[in-house]
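**Student:** I have a structure here, written as structure tokens, and I will follow up with some questions on it.
The values are calculated or read from the model by the stated rules, or taken from the named source; none is laboratory data. Fair warning: this is a prediction, and the values are worked out from it, not measured in the lab. Counting neighbours? That spans all protein chains shown, and the Cβs are built from the backbone with ideal geometry, glycine included. Side chains included, ligands, DNA and RNA excluded: accessible areas come from the protein's heavy atoms. Shrake-Rupley method; radii C 1.70, N 1.55, O 1.52, S 1.80 Å.
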Amino acid sequence: MKVILIQGAENTGKTILCNRIVEWLRKEGFQDIPQKYEEDEPKKPKHKELKDFRAIYKKKSKKILVNTLSDDIDVIKNFETFYKDNQGVDVLITAIRPSHSDKKENDLHQMIKDVYNQSEDLVIDMEKSLEEIVNQIQKFFHIVKNL
């Protein structure tokens, strides 16, 4: 499994980028696989038009799991259940808070990493320069196109 992290602090564009990735996946022929789970409601609305989500997308035998929920312990625990219920994905894309000296942020970062328990193939860091983010996104496209 390939692991791609969309890393950034609150309001840095992680959910927006994940929604754009899903748009691209759909254009590439990936289809939504309906899932039954209790939807996590974010504690406060962060975007007027975009909601946090987790979903599976499939094209032929290839499956991609996208998760934007990483803001508190409860949603990460629910993500862990969702991940375990959907073993066998080829790519995991998840939002993650950066590890900082702030204990809460660091704990959330580690909790997400503990769910999939392997090294990452790519980290798209939303706090980097635009040029660096674009380069990381191009690497993402390469990973998915070469599944």
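**Student:** Please specify each residue of the stretch 51-90 satisfying the condition of being within 18 Å of residue 22 (Cα to Cα) and of a type in the set (A, V, I, L, M).
**Tutor:** 55, 56, 64, 65, 66, 69, 89 - these are the residues of the stretch 51-90 that are within 18 Å of residue 22 (Cα to Cα) and of a type in the set (A, V, I, L, M).
**Student:** If you don't mind, there's one more thing I want to ask. Restricting the search to the stretch 3-14, which residues are open to solvent by 20 Å² or more (accessible area, probe 1.4 Å) and in contact (Cβ under 8 Å) with a residue 60 or more places away in the chain? Give the steps one after another, and end with the answer.
**Tutor:** Filtering the stretch 3-14 for residues open to solvent by 20 Å² or more (accessible area, probe 1.4 Å) gives 7, 9-12.
Result: 7, 9, 10, 12.
**Student:** At pLDDT 85 or above, in contact with a Leu (Cβ under 8 Å, 6 or more places away or on another chain), open to solvent by less than 80 Å² (accessible area, probe 1.4 Å) and assigned to a helix (DSSP H, G or I): is that true of residue 75 in this structure? It would help to see each step written out before you state the result.
**Tutor:** Numbers: at pLDDT 85 or above: yes; in contact with a Leu (Cβ under 8 Å, 6 or more places away or on another chain): yes; open to solvent by less than 80 Å² (accessible area, probe 1.4 Å): yes; assigned to a helix (DSSP H, G or I): yes.
It is true that residue 75 is at pLDDT 85 or above, in contact with a Leu (Cβ under 8 Å, 6 or more places away or on another chain), open to solvent by less than 80 Å² (accessible area, probe 1.4 Å) and assigned to a helix (DSSP H, G or I).
**Student:** Do you know which of the residues in the stretch 90-115 that are farther than 18 Å from residue 24 by Cβ and under 12 Å from the mean Cα position of the chain (by Cα) is surrounded by the fewest Cβ atoms within 10 Å (Cβ to Cβ)?
**Tutor:** From the stretch 90-115, those farther than 18 Å from residue 24 by Cβ are 96-115; that's our starting set.
Now narrow it down to the ones that are under 12 Å from the mean Cα position of the chain (by Cα): 96-97, 112-113.
Details: 96: 22, 97: 24, 112: 21, 113: 17.
Per the stated criteria, the residue is 113.
**Student:** Follow-up question, since we're still on this one. So is residue 108 modelled with pLDDT of 90 or more and among the hydrophobic types (A, V, I, L, M, F, W, C) or not?
**Tutor:** Numbers: modelled with pLDDT of 90 or more: no; among the hydrophobic types (A, V, I, L, M, F, W, C): yes.
No: the conditions fail for residue 108.
**Student:** Ok, one more. Quickly run through the stretch 115-127 and pick out the residues that are outside any strand (DSSP E or B) and touching a residue at least 24 places away in the same chain (Cβ under 8 Å). Break it down into steps so the answer makes sense when it comes.
**Tutor:** Going through the stretch 115-127, the residues outside any strand (DSSP E or B) turn out to be 115-121, 126-127.
If the condition is that a residue be outside any strand (DSSP E or B) and touching a residue at least 24 places away in the same chain (Cβ under 8 Å), then 115, 116, 118, 119, 120, 121, 126, 127 are the ones that fit.
**Student:** In the stretch 78-91, how many residues are in a loop (DSSP other than H, G, I, E, B) and among the acidic types (Asp, Glu)? Working first, answer last.
**Tutor:** Step one: of the stretch 78-91, the residues in a loop (DSSP other than H, G, I, E, B) are 86-90.
Within this subset, residues satisfying the condition of being among the acidic types (Asp, Glu) are 90.
Of the residues in that region, 1 qualify.
**Student:** Would you call residue 147 surrounded by fewer than 18 Cβ atoms within 10 Å (Cβ to Cβ), touching a residue at least 40 places away in the same chain (Cβ under 8 Å) and aliphatic (A, V, I, L, M)? Even if it seems obvious, please write down each step before you answer.
**Tutor:** Numbers: surrounded by fewer than 18 Cβ atoms within 10 Å (Cβ to Cβ): yes; touching a residue at least 40 places away in the same chain (Cβ under 8 Å): yes; aliphatic (A, V, I, L, M): yes.
It is true that residue 147 is surrounded by fewer than 18 Cβ atoms within 10 Å (Cβ to Cβ), touching a residue at least 40 places away in the same chain (Cβ under 8 Å) and aliphatic (A, V, I, L, M).
**Student:** Turning to a different aspect of this structure: Those residues that are within 15 Å of the chain's Cα centre (by Cα) and of a type outside the set (D, E, K, R), I need them from the stretch 120-132; list them, please. Don't jump to the end; show me each part of the working.
**Tutor:** Taking the stretch 120-132 first, the residues within 15 Å of the chain's Cα centre (by Cα) are 120-126.
Matches in the stretch 120-132: 122, 123, 124, 126.
**Student:** Which number in (1) modelled with pLDDT of 90 or more; (2) open to solvent by 20 Å² or more (accessible area, probe 1.4 Å) marks the one condition that residue 56 misses?
**Tutor:** (2)
**Student:** Moving to a separate point now. Here are the criteria: (1) modelled with pLDDT of 90 or more; (2) in contact with a Ser or Thr (Cβ under 7 Å, 6 or more places away or on another chain); (3) part of a helix (DSSP H, G or I); (4) not basic (Lys, Arg). Tell me which single one residue 94 does not satisfy.
**Tutor:** (3)
**Student:** Something else about it: Could you pull out the residue among 17, 65, 25 that is more than 24 Å from residue 117 (Cα to Cα) and either open to solvent by 40 Å² or more (accessible area, probe 1.4 Å) or modelled with pLDDT of 90 or more (or both)? Lay out the reasoning, then the answer.
**Tutor:** On the way: 17 fails: more than 24 Å from residue 117 (Cα to Cα); 65 fails: more than 24 Å from residue 117 (Cα to Cα).
Within the list 17, 65, 25, the selection yields 25.
**Student:** Right, next: Of the numbered conditions (1) touching a Gly at 6+ places or on another chain (Cβ under 7 Å); (2) open to solvent by 70 Å² or more (accessible area, probe 1.4 Å), residue 85 satisfies every one except a single condition; which is it?
**Tutor:** That leaves (1) as the condition not met.
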